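One structure below.
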């Protein structure tokens, strides 16, 4: 009976605390899976691209990122630094595309059990 209570408690704790899917976002950038990236956007996302920083709706951000990545096809993403803390995470790396290498930084937050991108910076 004690073991049952211990396992039940551990299972509850594992499910209760949110887990960010940072590794899934990294894999999506590495493989060029922009559909996964855009599906992971929050309703409002801040994007820095070509030196311009704006806040966009999910549909606007999807269009902007899809356009950028149709011109700059991803060949690899090399992570330089990543960190997770509570319900937030960020990652910095070099995004290698057909249009050159960019510094990619993204910030994500757990909302209702789903990891959503809050900010994406793509800088030459």
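The values are calculated or read from the model by the stated rules, or taken from the named source; none is laboratory data. This is a predicted model, so every value here is computed, not measured. Cβ atoms come from the backbone with ideal geometry, glycine included; neighbour counts cover every protein chain shown.
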### Task
Among residues belonging to the range 99-112 that are exposed (fewer than 14 other Cβ atoms within 10 Å of the Cβ) and under 15 Å from the mean Cα position of the chain (by Cα), point out the one that is nearest to residue 33 (Cα to Cα).
103
### Query
Restricting the range 84-98 to residues that are free of Cβ contacts under 8 Å to residues at least 60 places away in the same chain and surrounded by 13 or more Cβ atoms within 10 Å (Cβ to Cβ), which is farthest from residue 67 (Cα to Cα)?
90
### Task
Return the residue satisfying two criteria in turn: it lies in the range 61-83 and is part of a helix (DSSP H, G or I) and touching a strand residue (DSSP E or B) at 6+ places or on another chain (Cβ under 9 Å), and of such residues it is surrounded by the most Cβ atoms within 10 Å (Cβ to Cβ).
61
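Being out of contact with any helix residue (DSSP H, G or I) (no Cβ under 9 Å at 6 or more places or on another chain) and surrounded by 15 or more Cβ atoms within 10 Å (Cβ to Cβ) is the filter; apply it to the range 24-35 and report the residue that is farthest from residue 66 (Cα to Cα). I'd like the intermediate steps shown before the answer.
Let us first name the residues in the range 24-35 that are out of contact with any helix residue (DSSP H, G or I) (no Cβ under 9 Å at 6 or more places or on another chain), namely 26, 30-31.
In the following step, the residues that additionally are surrounded by 15 or more Cβ atoms within 10 Å (Cβ to Cβ) were identified as 26, 30.
On the way: 26: 17, 30: 15 Å.
Within the range 24-35, the match that is farthest from residue 66 (Cα to Cα) is 26.
Considering only residues that are assigned to a loop (DSSP other than H, G, I, E, B), modelled with pLDDT of 90 or more and either over 24 Å from residue 93 (Cβ atoms) or out of contact with any strand residue (DSSP E or B) (no Cβ under 6 Å at 6 or more places or on another chain) (or both), which ones fall in the range 1-52?
Once the filter is applied, which keeps residues that are assigned to a loop (DSSP other than H, G, I, E, B), modelled with pLDDT of 90 or more and either over 24 Å from residue 93 (Cβ atoms) or out of contact with any strand residue (DSSP E or B) (no Cβ under 6 Å at 6 or more places or on another chain) (or both), the range 1-52 yields only 33.
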